[in-house]
């Protein structure tokens, strides 16, 4: 190859088939320059001229320092070393600015090849220049993105891992090896550092779980993420997990997982709460229906029905207030039940003397509230509280877990044994069945009605404690 002072390049060995090297250089996808030992331009193609921001003809005969002074100090030494050693340079990264965009930092990737004369001496060098400013900016952005992603994964409460497939000689995936695992993943799996370890050696229970290893293998060939919620009780791990897997490429998998056991327990509790509320509403509606039907059945007229129903619904409301909003309320103190049932009547004529520090099951609250309210209502209508000189009292006692409620009326009209048993009387009698180990004793003494209700305070009531007495076959 011979390089003329004009910059024309010819190859004597190709004389029979001349090649227009100038056209080849102009068509090259990179900037090209030929420099002499003084680092003066002998040739410059149009692409390099565009990179430098000066016409190609202005380069000829001038030095690199004259044309691109801001980058000359970085290229002169490596360029001269090629003249001295004859060794090419590949991938020389240079940054700086050129007259095309003064003050704007740009980057190039250069390579330098020696061009030898017939005696083998390096007579010129061929410099190729490719602008990589956009590429470097993309690499910087990528590194920053990776740094942010890694930092976020390090701090994330969710577990995140990258798995690489291990294949047998037939290309089948037989296991995975961890390439990355954030601290949360290591803490959740409780297996120490995971990078470099094999999945099925650390977690052998994954092999046969349909939503783990078999699914990971399928996901390698899938086009999108697969997310499942699964229960895992193997390898010293127990709980519910949300697991999402997506293929990075044909051999790598990104897997994130989160312990959702608390959420699952909350969902189960919510389902229980919902079922209990439905049950309670159904029971309450049944009680109201029974109260209306039975009150209407035994009422002499509409006003008496209205009064009786109002008192009973008030007592039912008071009982429900005691139960509160808790779908599984705790046991209720006996004093609260008595005051809820008799509160509207308490005063000088009705005294509550409560000495039993006892509790009753929440299911028995309505069963006891309604009969106590009925006693006070009947006393106002027919008994001691219907006269100016009459009075009534209720006492509570507790002995060896046995509650005794004693209702006594005095000073009123003479008590008469009723000829027929009304709904209120039947409510009182039903307490014996509805309270745990319940018993009811009534004494229609002429001096005043006496009723004793006994039951266990420590035994859970039977399941149908809120049932109302059925109407008699013959009213």
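Only the coordinates and a few stated rules stand behind these numbers; no lab work does. What you see is a predicted model; the values in this text were computed from it and never measured. FYI the Cβ positions are ideal-geometry reconstructions off the backbone, even for glycines, and counts take in every protein chain you see.
Each 5 Å bin from 0 upward holds the following percent of the Cα-Cα pairs of segment 156-259: 2, 13, 24, 30, 21, 7, 2, 0. Dividing the radius of gyration of the alpha carbons in segment 67-157 by their Kirkwood radius gives 1.20 for Rg/Rh. The slack in the chain from residue 263 to residue 442, taken as 0.36 nm per residue of separation less the alpha-carbon distance, amounts to 59.1 nm. The ranking of 377, 63 by Cβ neighbour count inside 10 Å, starting from the fewest, reads 63, 377.
Over segment 187-240, all Cα pairs binned in 10 Å intervals from 0 give whole-percent P(r) values of 21, 50, 28, 1, listed from short to long.
Taking other C-beta atoms within 10 angstrom as a stand-in for reagent exposure, 441, 305, 67 fall in the order 441, 305, 67, fewest first. Radius of gyration (Cα atoms) of segment 114-208, expressed as a multiple of 2.2 N^0.38 Å: 1.93.
Each peptide in 400-410, 93-103 receives the mean, over its residues, of other Cβ atoms within 10 Å, and ordering these scores from highest gives 400-410, 93-103. For segment 2-136, a Kirkwood radius taken over Cα pairs fed into Stokes-Einstein (20 °C, viscosity 1.002 mPa s) yields D = 140 µm²/s. Going from the residue with the fewest nearby Cβ atoms within 10 Å to the one with the most, 396, 445, 170 rank 170, 445, 396. Here the relative contact order of segment 156-259, from alpha carbon pairs under 8 Å that lie six or more residues apart, stands at 27 percent.
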